[in-house]
Structures are given as C-alpha cells and as structure tokens.
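A.B. asks: Before anything else, here's the structure in question.
The values are calculated or read from the model by the stated rules, or taken from the named source; none is laboratory data. What you see is a predicted model, and the numbers here were worked out from it, not measured in a lab. Cβ coordinates were reconstructed from backbone atoms using ideal geometry, including for glycine residues, and neighbour counts include every protein chain displayed. Calculation scope for accessible area: heavy atoms of the full protein, side chains included, ligands and nucleic acids excluded. Shrake-Rupley method; radii C 1.70, N 1.55, O 1.52, S 1.80 Å.
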Amino acid sequence: MESSSSEEEQDRRVPFSRRPEWSDVTPVPQDDGPNPVVPIAYREDFAETMDYFRGVYLADERSPRSLQLTAEAISMNPGNYTVWQFRRLILKALNADLHDELDFVERIADNNSKNYQIWHHRRWVAEKLGTDAMSKELDFTRKIFSIDAKNYHAWSHRQWVLQALGGWEDELAYCQKLLEDDIFNNSAWNQRYFVVTRSPLLGGLKNMRESEVRYAVEAIMAAPENESPWRYLRGLYKDDMQSWTNDPEVSRVCWKVLHSRSNYIFALNTLLDLLCQGFKPGQEFKDAVGTLIPVPDSSDSDLAKTVCSLLEHVDPMRANYWIWRKKTLSLQSV
C-alpha cells in the first residue's frame with residue numbers, strides 16, 4: 001500500500017518547470033565533473049527538485065516557496081543535511097510557527113524514525129520553543145516507543161527534553177509502565193536509572209537506593225535470566241562498592257537464585273564479583289554452589305575459582321573470559 005501511495009503522489013506531482021511561480025528560477029544541475037565514472041541514476045522528479053533547490057540555495061533565497069521546496073526535497077531524501085540546515089535558516093528568517101514545524105517533523109518521522117537529521121532538527125525546534133514544547137516532545141517520544149521501544153534516538157531526545165525543558169514528574173511511573181509491559185526492555189531500565197540519578201525531584205541515588213534495590217530484587221526473582229536488573233542493582237551502588245558488597249539484599253538474592261538451581265548464570269557472575277570485592281560467604285553459599293552442575297575443578301577450595309569453573313560450563317559463549325578470570329584469581333593469590 002505504501003509503494004502504491006508513493007506512486008500516486010508521483011503521478012499527481014506537477015514538475016517545477018510547469019509551475020508558474022517557479023518560472024524565474026534557473027535550476028542548477030548537479031556537477032559530477034566532465035567524466036563521471038559511475039553516475040547515479042536519480043529519479044527524474046528527485047533530480048529536478050534538487051536542481052531547483054540548488055538554485056534557491058545558491059541565491060540564498062529564504063522565502064515561503066523555498067521552505068515548501070525543502071519540504072519536497074526532504075520527503076524524497078530525509079537524510080540530506082544541507083536541505084535541513086537551509087530549512088532552519090528559512091524558518092528563522094520567516095519567523096515561522098515552530099509548532100507547525102514539529103508537526104512536519106512528526107510526519108517525516110513516521111517512516112524515518114532512526115534518521116539522525118530528523119532528531120537534530122527536532123531538537124533545534126524544541127530548543128527554540130522552550131518549555132512550550134515539553135509536553136509535545138514527551139508525547140512524540142512515547143509514540144515512537146509504542147512502535148520501537150528501544151529507539152536510541154528517541155531515548156536520547158527524551159533525556160535531553162527532561163534535562164532542558166522539564167517533565168520529570170511522571171517519568172519514573174512511565175518507566176515502571178514500560179517495564180511492566182516488558183521486563184526485558186533494557187532501554188527502560190537505562191531510563192529508570194537516568195531518572196533515579198538525575199531527577200531533581202527524587203533526592204538522588206542514595207535517597208532512592210533502598211526502594212530501588214527492592215524493585216530490582218523483585219525483577220530478578222521474576223526473571224533471573226534477565227541481565228538488566230542485575231546490572232541495575234549493581235549500578236545503584238555506583239562509586240560505593242563497599243556498600244554493594246556488604247548489603248545483605250544483594251547477597252541474599254544471589255543465594256535465592258542459586259538455591260533455585262535454574263537460570264543462575266547472572267547470580268554466579270554477581271557472586272564472583274562480590275567475592276572479588278571481599279565478600280565473606282557463609283556455608284549456605286558453598287552448599288548452594290555445590291549443588292549445581294558438577295564440573296572439572298569444582299572441588300577447588302577457593303569458592304571464586306569454583307564459580308569460574310561453573311561459569312565456563314554453563315556460559316560457554318564466554319568460556320574464554322571465565323578461564324581468564326580464574327587465571328587472574330590465581331595470580332592474585334600468588
């Protein structure tokens with residue numbers, strides 16, 4: 001259907017050479033040199049549009065018709081930086097309604113949501129509008145996430161909006177909703193951490209740590225094979241590894257997952273990191289590790305080395321890494 005619609009638009013398009021309002025403009029063809037080796041076979045309508053664009057661009061004509069011309073050029077190639085840059089100059093010269101410009105960008109983004117130029121332009125517009133654009137920008141990124149929950153450009157834009165324009169009030173609840181929809185959404189986990197550490201309304205990481213540790217532990221117990229909450233849990237103790245090592249909530253969730261004897265790769269990984277930070281395990285940890293799959297060297301009296309041996313077996317994709325970790329442990333003990 002999309003291809004058919006595009007063809008219909010082409011059929012309806014009136015060439016610039018037949019538009020009376022453009023009769024005074026001399027189109028400027030692309031200069032590929034005297035003997036281009038492999039000339040690009042541009043579509044006729046695209047080549048003509050760009051020829052007329054070069055005409056107004058070289059004349060620095062910042063007029064309503066030039067603005068419309070850039071819209072046509074962008075619809076044909078949304079990645080052309082020069083067209084977007086000239087459009088910004090025209091918008092500024094005409095003192096155009098930038099709310100309308102946000103609507104234009106949204107239409108272009110429908111089929112080009114990962115185009116760098118679109119996001120750069122949208123930020124420029126939102127910056128000009130200031131706090132008046134805040135709600136619209138947050139709604140726009142929500143729309144993008146409903147289609148692609150991990151769109152990096154949209155997340156980067158949303159974080160900029162929060163920091164530059166505001167809108168923190170409901171952001172933690174929004175992250176929670178995204179994680180309820182998909183607990184494996186690592187982008188939502190990243191955004192939650194961004195909010196907890198950057199929001200001026202929450203009091204900072206230390207103030208939020210206790211409640212966020214509970215949240216992460218619940219997520220881990222619901223899906224121990226999900227790496228994101230394990231990483232999130234560790235991130236809650238950034239620059240304070242001693243607290244991470246000594247917090248009984250951290251070691252307890254490791255023990256619970258190990259004791260369950262399923263989906264325990266990240267529990268083993270975390271336990272190894274705890275041991276390397278000076279954690280002193282009780283007999284219950286040695287018993288839990290001892291009930292897992294027997295592997296060569298698993299009888300090693302050093303629990304950290306035993307964990308490395310287990311990870312070599314249960315995480316074969318990174319076996320060489322765990323072998324290296326075990327060697328570093330041996331060097332440290334010399």
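A.B. asks: Could you pull out the residue among Asp60, Asp110 that is of a type outside the set (Val, Ile, Thr) and at pLDDT 95 or above?
C.D. replies: Working: Asp110 fails: at pLDDT 95 or above.
After ruling out the rest, the residue left standing is Asp60.
A.B. asks: Could I ask something else about it? Lys238 versus (1) in a loop (DSSP other than H, G, I, E, B); (2) open to solvent by less than 50 Å² (accessible area, probe 1.4 Å); (3) over 20 Å from Val289 (Cβ atoms): which is the lone unmet condition?
C.D. replies: (2)
A.B. asks: Restricting attention to segment 157-188, which residues are aliphatic (A, V, I, L, M) and not in a helix (DSSP H, G or I)?
C.D. replies: Scanning segment 157-188 gives a single hit, Ile183.
A.B. asks: Pull out all pairs, ordered by first then second residue, where Cβ-Cβ is under 7 Å, the residues are six or more apart or on different chains, the first lies in segment 28-44 and is under 25 Å from Arg13 (Cβ atoms), and the second is surrounded by 10 or more Cβ atoms within 10 Å (Cβ to Cβ) and of a type in the set (Asp, Glu).
C.D. replies: Within 7 Å, the pairs are Val28/Asp51; Pro29/Asp51; Pro39/Asp32.
A.B. asks: Against the definition (touching a Cys at 6+ places or on another chain (Cβ under 6 Å), under 29 Å from Thr131 (Cα atoms) and either in a helix (DSSP H, G or I) or open to solvent by 40 Å² or more (accessible area, probe 1.4 Å) (or both)), how does Gln191 come out, yes or no? So that I can check it myself, show each step before the final result.
C.D. replies: Numbers: touching a Cys at 6+ places or on another chain (Cβ under 6 Å): yes; under 29 Å from Thr131 (Cα atoms): yes; either in a helix (DSSP H, G or I) or open to solvent by 40 Å² or more (accessible area, probe 1.4 Å) (or both): yes.
Judged against the criteria, Gln191 is a match.
A.B. asks: Is it the case that some residue within segment 127-146 is part of a loop (DSSP other than H, G, I, E, B) and surrounded by 13 or more Cβ atoms within 10 Å (Cβ to Cβ)? Quick ask: steps written out before the conclusion?
C.D. replies: Quick first cut of segment 127-146, residues part of a loop (DSSP other than H, G, I, E, B) only: none.
Among the residues of segment 127-146, not one is part of a loop (DSSP other than H, G, I, E, B) and surrounded by 13 or more Cβ atoms within 10 Å (Cβ to Cβ), which makes the answer no.
A.B. asks: Output the number of the condition that Glu21 fails; it satisfies all remaining conditions of (1) surrounded by 11 or more Cβ atoms within 10 Å (Cβ to Cβ); (2) of a type in the set (D, E, K, R); (3) more than 18 Å from Leu89 (Cβ to Cβ).
C.D. replies: Condition not satisfied by Glu21: (1).
A.B. asks: While we're on this one: Just for segment 149-177: of the residues that are over 14 Å from the mean Cα position of the chain (by Cα) and aliphatic (A, V, I, L, M), which one is farthest from Tyr116 (Cα to Cα)?
C.D. replies: We begin by selecting, within segment 149-177, every residue over 14 Å from the mean Cα position of the chain (by Cα); these are 161-174, 176-177.
Filter again for aliphatic (A, V, I, L, M), leaving 161-162, 164-165, 172-173.
Numbers: Val161: 17, Leu162: 20, Ala164: 20, Leu165: 21, Leu172: 27, Ala173: 28 Å.
Among residues in segment 149-177 that are over 14 Å from the mean Cα position of the chain (by Cα) and aliphatic (A, V, I, L, M), the one farthest from Tyr116 (Cα to Cα) is Ala173.
A.B. asks: What number of residues within segment 34-59 satisfy the criterion of being open to solvent by less than 40 Å² (accessible area, probe 1.4 Å) and either farther than 17 Å from Leu69 by Cα or polar (S, T, N, Q) (or both)?
C.D. replies: 1
A.B. asks: Name every residue in segment 194-214 that is buried (at least 19 other Cβ atoms within 10 Å of the Cβ) and either in contact with a strand residue (DSSP E or B) (Cβ under 8 Å, 6 or more places away or on another chain) or without any contact (Cβ under 8 Å) to a residue 12 or more places away in the chain (or both), in order of residue number.
C.D. replies: Residues satisfying the conditions do not exist here.
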